[in-house]
Each structure stands twice: as C-alpha cells, then as structure tokens.
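The values are calculated or read from the model by the stated rules, or taken from the named source; none is laboratory data. Everything quoted here is computed from the prediction, not taken from an experiment. All Cβ positions, glycine included, derive from the backbone under ideal geometry; neighbour counts span all protein chains shown.
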Amino acid sequence: MAKCTEPGTGELLHAYEVGALSEADVERFEIHLLHCKDCFEQVRDFQQKAGLLFEDDEVKEAVRRIDRADWKRDSPTSKLKRYLWPHSPFIFKPAVAYFLVLLLIGPAYLGLRQGDPDHITEFRTVDLTGVRSTEDQVLRISGEPWSKVRFWIGNPDSSSEYHLTVVCSETGDTVLAVDDFTGFDEYGLGEILLYVRKLSPGRYRLTIGSSGGGTAPETIVYSFAVRE
Amino acid sequence: MKELLARARAGDKAAEQQIFQYLLVRFELFAKRRIRDGETSRDIAQEACVTVLAKYKTEVFTIGFGPWAYGVLRMKIGNHIQKAKTERQNISSESDVDSIAGQSADINCELKTKLLECLKKISDRNSRYARVLNLTYQGFKTDEMCQRLGITPGNFYVILNRGRSMLRLCLDKGEV
C-alpha cells in the first residue's frame, strides 16, 4: 500500500472518518484526499462499512442505547471526578491532589514535630569539671545562643542552697548570680544555662559557694573564656 | 495528477477520462458524507466533474487544480442543500417531508447487525473507547465530548483513533 503523501494532514484521517473535524479541517483533509491515494482508500473502505453509523436511524438509536448503558456503567467516583475537574489536564490532577495532601497533613506534621520531646534543641555543653581552677574552657559567641555549663563539687549537701556567680575577670561585671542553687545530682554535678550572645569576649569566673552553714564545701572557682 | 492534467490539456481524451473517473469517486465520497443519500451524491459528483472538465482548459489555477476542482464540488453541494431546504419548507405544510428525507433504501441488514455487534464488543472491552465513538457518531462536538468524558482534546483523538481501529478490525475480522 502507498504511504500518505502528507503525514501532517494524514493524521486527521480517523477524526475525519468519524466526523469529528471542524469544517475548515474537513476541507483541508478532503483536498488532501484528492492527492493522497493511501488516505483515500482507507476512508472509502471505512465509509463503506461504517457509513450506516451516520445514515441509519436504527443504528443511530442503538448507538445511543449503548452510550447510555456505558454512561450508567461508569463508577460514581469517575463521574464525580469529571464533575469536579471537567477540563483539567491529566498531569494537573496529581499535582492538585499532592498539594491538598500537603495542605492537610503539613500543619499536623509540623505540630507533631514541635510537640516531639526528641526534637528539643540540644544546647552546646561546656564541661568545666576536668579543668577545675585555672585552665580555660571556651564558649563561642558565634555558636548557639545558649550554652550549658557543667561543673562539679565534691559532696554536695542536699539540705544546703548554693550561690553561683559568673563574673567577667576583666571588667568585674557579674553576668549571672543565683543564690539558691540546689541542682546538683547525686554525683555532685550541676549545670547552668548561659546566654552567650550577651557576653563580651574575655575571661570569666564561675564561683560556687555555700549560701548557709552546715557541711557545705569550700568555695570552688572555675574559669572559662568567651570568644567570638 | 499534474502529468495527467498536462496530457488532458494537450488534447488527450483518455487522460481526460482518467481525470473524470479519478475525481468522480472522490467527489462522490465527499458529497455522500454531507448529503447521506447515495443517488443524490452521485448526481452531484457527476455534475461537479462535468463542470470541472468543461472549464479546466481555460481556467487559470491560482490555488492549484485540486483545490479549484474541490471548490466546484463544494459549490454544487451548497446549491443542493440550499435547494433542498427551500423545497422542505414548501412541502412541510403538506406533511410530505418523508419524500425528501434522503433515507437510503438499500440498507445492508447484515452489515447493520455486524456493526452493532462490533460496537457492543468494543463497549464490553473498553467502555471509554466505545463512549468516544458513540458520542462522535451521535454528532457531539469535540469540546462537548471532552467535557463529558473529562479528557483533553489530545487524549480524545488518541482514544478516537484506537476506538476506530478496533471498529475497523471488528468489521474486517469479527473480533476486537
């Protein structure tokens, strides 16, 4: 069989055969049929067989019946989908669905994240226990805004309250003063939170002393540095 | 066709006859698609071919021979439809519309049965293909069908092509 002489126009073949072309396209295609033997043979062959679809009332009525049956057979979901999205391009539907899922689930997920105890921000910890007295540990201002400072006293008296001061060695300014600290654990370890961003670079002293009598230990001094 | 036309213009009667036959089968197909009545379509196609052969030697084809000849046919079809409309209006008062309804008398019952069977088979196999075909045959416009079926025109033509191929296969071999 000969090939179509104008494949671009020949693509209209099937739509022409079943009468789905606009009048302008019909004209274009029929002029093509005057030249193209292949398309013409196909159209003639099909029209001889399927021409009754257009011509015979009984056939037309049967087509309507089949169509109604097919329409009824459609699931309610697909009918609803067509009602909701009559013209949307195929690719757009999953995009909309994805967007809606994000819209519904996103806030709930974020809420869960915020309420999740595992999601609490972990502070940087500076451990002073190994550098008691003169040696320095360093807090960085450019890091996390808050830093945890861990210290140790020998045998803390659970009935005593301790006073803690953090003083800048250069200026003598007190940046933290707590008079009733009781937060030592059974091993004598304690922790305080320091807002590092407000500190100036320099050396600082953490002094821990008993605020009352009893068997409180001697005053302990830790030293650390704050740098940019 | 160009060669045939050149020979016919040079006075070759056989070439002229070939052009006549060539155009006649095509014109008849085009006319039948619009008028639906086989006999009337043949008459119109013949009239158009006679006009073409009467004028083609002297005519200057600014748009080519094919489009010009096609234009002649379109004019004949237009005249016929206009005339039929006028006649129908005149006759409608006498309730005699059936006489010009153009129903083909020689309906092939066997083919009709086969055609309906095929449509049913396609419907059973794939209702979407059948729906596109059925809506098309019922005369709905493309955008109406796309809206009803919830598909884009691109998808519509793809489905239409497949549905039509299934119908053709079924008419030829009896299976989908």
Quiz item: When the stretch B:47-69 is examined, which residues are found to be surrounded by fewer than 17 Cβ atoms within 10 Å (Cβ to Cβ) and closer than 16 Å to B:Q17 by Cα?
Solution: B:V50, B:T51, B:L53, B:A54, B:K55, B:K57
Self-check item: Pairs, first more than 7 Å from chain A (Cβ to nearest Cβ) in the stretch B:154-176, second in a loop (DSSP other than H, G, I, E, B), C-beta under 6 Å, six or more apart
Solution: B:M166/B:V176; B:C170/B:V176
Practice problem: Could you grab me the full set of residues in the stretch B:56-82 that are at pLDDT below 85 and basic (K, R)? | Solution: B:K57
Quiz item: A:G214 versus (1) on the phi > 0 side of the Ramachandran plot; (2) modelled with pLDDT of 90 or more: which is the lone unmet condition?
Solution: (2)
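Tally up the residues in the stretch A:7-19 that are in a loop (DSSP other than H, G, I, E, B) and at pLDDT below 80, please.
3
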Exercise. Identify the residue in the stretch B:1-46 that is buried (at least 20 other Cβ atoms within 10 Å of the Cβ) and free of Cβ contacts under 8 Å to residues at least 40 places away in the same chain and, among all such residues, is nearest to the other protein chains (Cβ to nearest Cβ).
Key: B:R26
Exercise. Taking only the stretch B:134-145 into account, find how many residues are more than 7 Å from chain A (Cβ to nearest Cβ) and assigned to a helix (DSSP H, G or I).
Key: 3
